[in-house]
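**Student:** Quick one: this structure, given as structure tokens, is what I'll be asking you about.
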Amino acid sequence: MDGAGITVKLILIGDSAVGKSSLLLRFAEGSFEPSLKPTICEPGGDGGVDFKVKKMVVDGHTVQLAIWDTAGQERFRTLNPSYYRGTQGIVLVYDVTRKDTFTGLDSWLNELEIYNTKSNTVKMLVGNKTDKPDREVERREGLQFAKKRSLLFIETSAKTEDGVQHAFEELVIKILQTP
Ligand code: GDP
């Protein structure tokens, strides 16, 4: 598959405050905000969705990534079905220092089954905030869960940048290999 000039749509999902916006900011702009404020949904707006575009060269292919962030909608535990439309890759994020965000993954996967009916969407599980000392979810637990649910898996820190570039690269490589 020739990736030159192709656009790939990715979405970020997962519980509130796990670091979705921070991962996007880190990856797309190389920065980190220690006190990132949740984006407030404007009344009459587009439902609180934000996105960034980032060009990436993977395996010699130039790929334009359009990465969508929920921008706070997930507080209501469900996302607008249009958010999932036409997506080729899904980044499902939890916080390794908050067990509840890990046990909540099943409900996100259930929602995916309902709204993302395309079988060839590539899904990646990301355990974020590995720089923090108070870990509640071990790496092997994340790995085991990902294996069981056929998800790619990686741990990251949006703060230190650890794993962030690698996560998006792996996901895009897999998407380019997927028919
Ligand atoms: P979202 O609601 O999932 O988009 O989460 P945010 O990106 O708004 O992050 C919530 C809070 O966690 C913010 O205060 C971030 O600065 C912080 N945060 C996000 N990622 C990391 C990380 O990798 N390490 C640390 N220590 N804090 C993080």
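Values in this text are rule-based calculations from the coordinates and carry no lab data. Bear in mind the structure is a predicted one, so any value in this text is a computation, not a measurement. Heads up, the Cβs are rebuilt from the backbone with ideal geometry, glycines too, and the neighbour counts pull from every protein chain shown.
**Student:** Under 5 Å between amide H atoms, partner at least 5 residues away or on a different chain: which partners does Phe51 have, H built in plane at 1.01 Å?
**Tutor:** Correct list: Asp69.
**Student:** Quick check on my link table: of Lys55/Lys132; Lys129/Lys174; Lys9/Lys129; Lys9/Lys123, which ones sit more than 18 Å apart, alpha carbon to alpha carbon? Walk me through the intermediate numbers first.
**Tutor:** Details: Lys55/Lys132 30 Å; Lys129/Lys174 24 Å; Lys9/Lys129 24 Å; Lys9/Lys123 12 Å.
Going by Cα-Cα distance, Lys55/Lys132; Lys129/Lys174; Lys9/Lys129 fall outside the 18 Å limit.
**Student:** So how much slack lies between Lys99 and Asn80, counting 0.36 nm per residue of separation and subtracting their Cα-Cα distance, in nm? Show your work: numbers first, answer last.
**Tutor:** On the way: separation 19, 0.36 × 19 = 6.84 nm, distance 2.55 nm.
Length gained between Lys99 and Asn80: 4.3 nm.
**Student:** Run the quick spin-label model on Arg140 and Lys54: label points 7 Å from Cα toward the beta carbon, then report their separation in nm to one decimal.
**Tutor:** In this crude spin-label approximation the distance works out to 3.1 nm.
**Student:** Still on this structure, I have one more. Per the Debye formula with a single identical scatterer at each Cα and no solvent contribution, what log10 I(q)/I(0) holds for region 108-179 at q = 0.11, 0.14, 0.26 Å⁻¹?
**Tutor:** With one equal scatterer per Cα and no solvent, log10 I(q)/I(0) is -0.31, -0.50, -1.24.
**Student:** Something else about it: Please report the net charge: other residues with Cβ closer than 13 Å to the Cβ of Gln64, K and R +1, D and E -1.
**Tutor:** +4
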